[in-house]
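A quick write-up on the structure given underneath.
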Amino acid sequence: MDPAAPPVLLGIGLRKAPGLLAVRVGRVTGLLAGQGGAGRLPPSALRLPEPLPFGGPADLRAWLVAREARLAAALRAIAGCREVALAMEEDAPRHADWLRAGDRGLACGGLAGLARAARRHFIGQRVEAILASEARAAVLPEPGASRPCWSVAVPAGAVRKLRAALEMEAQRLRGTGLALHLNPPGESTVLARAIFQDA
């Protein structure tokens, strides 16, 4: 890496990663690459959703200092975890038809809309109960979201079991107008966004 090139923060961890430049601030380490450098982060590091460019190590150090306590707490909470993320999608006409097939009274007035909302809420609670069985940290959907999304940090050894339970729940919903879609392993950055955002 050209030492004059502006550094790019790829992620943070509690320790340095072999082969990557790093800036240590208290309990956290910023893991760097040069502009355009890919860099491979270890599983214990939290990858930024988008790499952040800095003018130099001093700028990066100041950014980390302002967030050190929050980042260290987050890293400790999700140590040894992997992210599991999923979304619920609704095909509204199919969902309404499925509900009416089970209760003819839903065919009139505005009852179908209320019934759909109630069932989305019920399925969402069922998903959250499954997630809560293994999750150490979670980002939950906004109440009433039209496409609710969940993302949880799960101990690495429990990921397969949790994904199997969620896939079984997705199977149960087939043909009802509601569907659960799991993100492929390692492709979600929802938790990282929640941790890195300046709120």
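The values are calculated or read from the model by the stated rules, or taken from the named source; none is laboratory data. None of the values given here were measured: they were computed from a predicted structure. Cβ placement follows ideal geometry from the backbone for every residue including glycine, while neighbour counts extend to all protein chains displayed. In case anyone asks, the SASA skips ligands and DNA or RNA and just uses the protein heavy atoms, side chains included. Shrake-Rupley method; radii C 1.70, N 1.55, O 1.52, S 1.80 Å.
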- Query: Identify, please: which residue in the stretch 161-199 is surrounded by 12 or more Cβ atoms within 10 Å (Cβ to Cβ), within 15 Å of the chain's Cα centre (by Cα) and assigned to a loop (DSSP other than H, G, I, E, B) and is, among those, modelled with the lowest pLDDT?
  - Reply: S188
- Task: Filter the stretch 19-42 down to the residues that are in contact with a Lys or Arg (Cβ under 6 Å, 6 or more places away or on another chain) and either modelled with pLDDT under 85 or of a type in the set (S, T, N, Q) (or both), then identify the one that is least open to solvent (accessible area, probe 1.4 Å).
- Result: T29
- Matching residues, the stretch 127-147, being open to solvent by less than 60 Å² (accessible area, probe 1.4 Å) and either among the basic types (K, R) or modelled with pLDDT of 95 or more (or both): V127, I130, L131
- Could you please let me know if E134 is touching a Leu at 6+ places or on another chain (Cβ under 9 Å), under 29 Å from G11 (Cα atoms) and outside any helix (DSSP H, G or I)? yes
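Residues are listed down the side, and each one gets a yes or a no for (1) under 30 Å from A138 (Cα atoms); (2) open to solvent by 40 Å² or more (accessible area, probe 1.4 Å); (3) part of a helix (DSSP H, G or I):
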position	(1), (2), (3)
L71	yes, no, yes
R76	yes, yes, yes
A87	yes, no, no
P93	no, yes, yes
D97	no, yes, yes
R119	yes, no, yes
